[in-house]
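Read-outs: derived from the displayed coordinates by stated rules, not from any lab. Quantities reported herein were computed from a predicted structural model and do not represent experimental measurements. All Cβ positions, glycine included, derive from the backbone under ideal geometry; neighbour counts span all protein chains shown.
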Amino acid sequence: MKKYYVVRSNINRLGKPSTEYLHHYVIGKPFKGFVVDHIDGDPLNNQIDNLRIVTHRQNLQNKKVNRDGKLCGASYRPEKGKWQAYMRIGKKTKSLGYYVTEKEAHLVYMDATKRNDKTN
């Protein structure tokens, strides 16, 4: 799904073109290493209560669907006939167990990422 953002094109003080995002105007431009997250996943919803400043990793964990249309943190394993919940930490993949439904595996993944964020 393609995402569209509300932007304004400007000419900066040096006479060079620049782009300003509405969500940066509403909540402020984040420091280096941080991004503005649209909590509900809708980049056109720039209400203050839908925006938060988070790390890039936290922003990726907030997404509900992978690029191939499956729920994040869940992968079907035909050899087991179940869905595996997993998460990646750095370059390592950690298994979180096997579940009957994709949604169940995704919920375990979401819970694990929230717990992992609290410990870091």
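For the chain, what does -39500 (n - 2.57) per DSSP helix run (n ≥ 4), summed and divided by total residues, give at 222 nm, in deg cm²/dmol to the nearest 500? Don't jump to the answer; show the numbers that get you there.
On the way: 3 runs with 30 residues, N = 120.
Result for the chain: -7500 deg cm²/dmol, rounded to the nearest 500.
What ranking, highest mean first, results for peptides 90-96, 37-43 when packing means the other Cβ atoms within 10 Å averaged over each residue? Walk me through the numbers on the way to the answer.
Numbers: 90-96: 9.3, 37-43: 15.7.
The packing order, highest mean first, is 37-43, 90-96.
In the Gaussian network model of the chain, springs joining C-alpha atoms below 10 Å, which of 12, 46, 59 carries the largest mean-square fluctuation?
12
If you take the C-alpha gyration tensor of segment 68-120, multiply each eigenvalue by 5 and take the square root, what semi-axes do you get, largest first, in whole Å? Mind showing how you got there, number by number?
Numbers: eigenvalues 77, 26, 19 Å².
Over the Cα atoms of segment 68-120, the semi-axes work out to 20, 11, 10 Å.
Of 57, 77, 13, which is the most mobile in a GNM of the chain whose springs link Cα atoms less than 10 angstrom apart?
Looking only at 57, 77, 13, the largest GNM fluctuation is found for 13.
I'd like to know which of 6, 72, 56 lies farthest towards the positive end of the charge dipole of the chain, counting +1 on Cβ of Lys and Arg and -1 on Cβ of Asp and Glu.
So the residue furthest toward the plus end is 56.
For helix 102-119, report the angle its Cα long axis makes with the longest principal axis of the Cα atoms of the chain; keep it between 0 and 90° and round to the nearest 10°.
Approximately 60 degrees, to the nearest ten.
Which whole-number percentage describes the relative contact order of segment 1-63, with Cα contacts under 8 Å and a sequence gap of 6 or more? Mind showing how you got there, number by number?
Working: 78 pairs, mean separation 17.8, N = 63.
Normalised by residue count, the contact order of segment 1-63 is 28 percent.
Report the residue, chosen from 103, 32, 82, that carries the largest GNM mean-square fluctuation when the chain is represented by alpha-carbon nodes joined by springs under 10 Å.
Among 103, 32, 82, the largest GNM mean-square fluctuation belongs to 32.
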